[in-house]
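S.K.: Sending over a structure as C-alpha cells; questions will come in a sec.
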Amino acid sequence: MTDATDLAPSQPPVIGTVTFSDITEALNAGVRDFAKAPVFGLFFSFFYVLGGILIYLQLDVIDQSYWIIPIGLGFPLLAPFLAVGLYEVSRRLEIGEPLDWAAVLGVVVRQKDRQMPSVAMVMILIFMFWVFVAHLVFAIFMGLEPMTNILSNWQDTILTQQGLTMLAVGTAVGAGLSFVLFSLTVMSLPLLLDRELDFITAMIASFQLVLANIVPMLSWGILISILMLLGMVPFFLGLFVILPVLGHATWHLYRKAMTFED
C-alpha cells in the first residue's frame, strides 16, 4: 500500500492550464468524495466549526476579545494538517486504497516531519501581519478612539466619510493579503502531500499556477470565499459540508493543474 509520506525527492511540477470546466469538474468530484466518506469530512471540518464558535462566543457572549488572536492563530497553525487529511482521503479514493482511520490520521500526523510546519509558519506570519496592518489602518483613520465606543455608536463613526474610507482601505489591504495567501497555498498544500519538495518550491509553483491562470483561479478563490461565508450561516454549521467539499475539490483541481515529468 502506497504511503503519501514515503516519497522520493521530486522535480518541480509542470504548470498546466486551468479552465472553468476544470473547476466545475473538481467541485463535482469534491461532492462525490464527501458523499463517499462523509465521516472523515465531518471530522476534519469539526475543528474549523469549533474555532468559529469559540471566536463568536468570545466576541458576543463573554466579552473576552483578547482571546481572539490566540484562537485565530490556531487556524493557520492547524489548517495545513486538516487540509492534508481531506487530500489524503481523496488520494486514497482516487487510487482505490482503503479508508482506514489509523492510516489517514497517521499520514496527517507524519506531516509534522515534512514541510507542513513551515507552511503553517508562513500562514501565521501573514496572519500576524494582517493583524498589525488592521490595527494600523484603524489608528490612521480613527486615531485614539476606543473600539468599544465605535462598536456602540457605529452609525455615527463607520457611516462617515472617514469611517467608510477606513473600511475601503482595510478591505483592499485584506483582499491583497488574502490573494497572496491563497496563491501561495492553494496548490502547494496538496503538492506537498503528493510529492517530496521543499515548501518554498511548492509555494512558488502554486503562485506561478495562479498567475498563469489568473481569471479562473481568482474566480476559484472568490467562490471559496463566498461558499465559506454561506457556510458560516447558521452558526458555522454549514462549514461541516462546505469545507470537506472544497478540500476534496482542491485535490482534484491540483491533479488537473499540475503534472510531472519524472
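The values are calculated or read from the model by the stated rules, or taken from the named source; none is laboratory data. Quick caveat, the model's predicted, so the values are computed rather than measured. With ideal geometry, Cβ positions are generated from the backbone for all residues, glycine too; neighbour counts draw on all protein chains shown.
S.K.: Give the residues of segment 47-67 that are of a type in the set (A, V, I, L, M, F, W, C), at pLDDT below 60 and outside any loop (DSSP other than H, G, I, E, B), sorted by residue number. Break it down into steps so the answer makes sense when it comes.
M.R.: Step one: filter segment 47-67 for residues of a type in the set (A, V, I, L, M, F, W, C), giving 47, 49-50, 53-55, 57, 59, 61-62, 67.
Okay, now just the ones that are also at pLDDT below 60, so 62, 67.
Hit for segment 47-67 is W67, nothing else.
S.K.: Go through segment 188-209 and give me each residue that's surrounded by fewer than 23 Cβ atoms within 10 Å (Cβ to Cβ) and of a type in the set (A, V, I, L, M).
M.R.: L197, I200, I204, A205
S.K.: I'd like the full set of residues that are within 10 Å of V245 (Cβ to Cβ) and either in contact (Cβ under 8 Å) with a residue 12 or more places away in the chain or in contact with a strand residue (DSSP E or B) (Cβ under 8 Å, 6 or more places away or on another chain) (or both), limited to segment 33-42.
M.R.: Across segment 33-42, the qualifying residues are D33, F34, G41.
S.K.: Got a number for residues in segment 174-201 being of a type outside the set (A, V, I, L, M), in contact with a Phe, Trp or Tyr (Cβ under 6 Å, 6 or more places away or on another chain) and free of Cβ contacts under 8 Å to residues at least 60 places away in the same chain?
M.R.: The qualifying residues number 1.
S.K.: Suppose we keep only residues that are among the polar types (S, T, N, Q) and assigned to a helix (DSSP H, G or I) within segment 210-227. Which one would you say is farthest from A257 (Cα to Cα)?
M.R.: It comes out as S225.
S.K.: Moving to a separate point now. Could you tell me whether F81 is surrounded by 15 or more Cβ atoms within 10 Å (Cβ to Cβ), assigned to a helix (DSSP H, G or I) and modelled with pLDDT of 75 or more?
M.R.: yes
S.K.: Restrict the check to segment 92-103 and report whether at least one residue is in a helix (DSSP H, G or I), modelled with pLDDT of 85 or more and small (G, A, S).
M.R.: Looking through segment 92-103, at least one residue is in a helix (DSSP H, G or I), modelled with pLDDT of 85 or more and small (G, A, S).
S.K.: Kindly list the number of the only condition in (1) surrounded by fewer than 20 Cβ atoms within 10 Å (Cβ to Cβ); (2) hydrophobic (A, V, I, L, M, F, W, C); (3) touching a helix residue (DSSP H, G or I) at 6+ places or on another chain (Cβ under 9 Å); (4) over 28 Å from K112 (Cα atoms) that fails for M217.
M.R.: (1)
S.K.: Next up: Go through segment 228-262 residue by residue and tally those that are farther than 19 Å from S90 by Cα, charged (D, E, K, R) and part of a helix (DSSP H, G or I).
M.R.: Residues meeting the conditions: 0.
S.K.: Sticking with this structure for a sec: Using the structure shown, decide if L125 is surrounded by 15 or more Cβ atoms within 10 Å (Cβ to Cβ), assigned to a helix (DSSP H, G or I) and at pLDDT below 95.
M.R.: It is false that L125 is surrounded by 15 or more Cβ atoms within 10 Å (Cβ to Cβ), assigned to a helix (DSSP H, G or I) and at pLDDT below 95.
S.K.: Can you run down the residue pairs with Cβ atoms below 7 Å, 6 or more apart or on separate chains, where the first is in segment 229-241 and over 15 Å from F34 (Cα atoms) and the partner is part of a loop (DSSP other than H, G, I, E, B) and of a type outside the set (D, E, K, R)?
M.R.: Pairs found: L230/G238; G231/G238; M232/G238.
S.K.: I want to confirm something. Restricting to segment 223-244 and keeping residues that are within 13 Å of the chain's Cα centre (by Cα) and surrounded by 14 or more Cβ atoms within 10 Å (Cβ to Cβ), which single residue is nearest to G51 (Cα to Cα)?
M.R.: Among those residues, the one meeting the criterion is L239.
S.K.: Among the numbered conditions (1) under 30 Å from A26 (Cα atoms); (2) modelled with pLDDT of 85 or more; (3) of a type in the set (F, W, Y), tell me where F132 comes up short.
M.R.: Unmet condition: (1).
S.K.: Then there's this: Can you spot a residue in segment 17-32 that is hydrophobic (A, V, I, L, M, F, W, C), under 21 Å from D194 (Cβ atoms) and modelled with pLDDT under 95?
M.R.: Among the residues of segment 17-32, not one is hydrophobic (A, V, I, L, M, F, W, C), under 21 Å from D194 (Cβ atoms) and modelled with pLDDT under 95, which makes the answer no.
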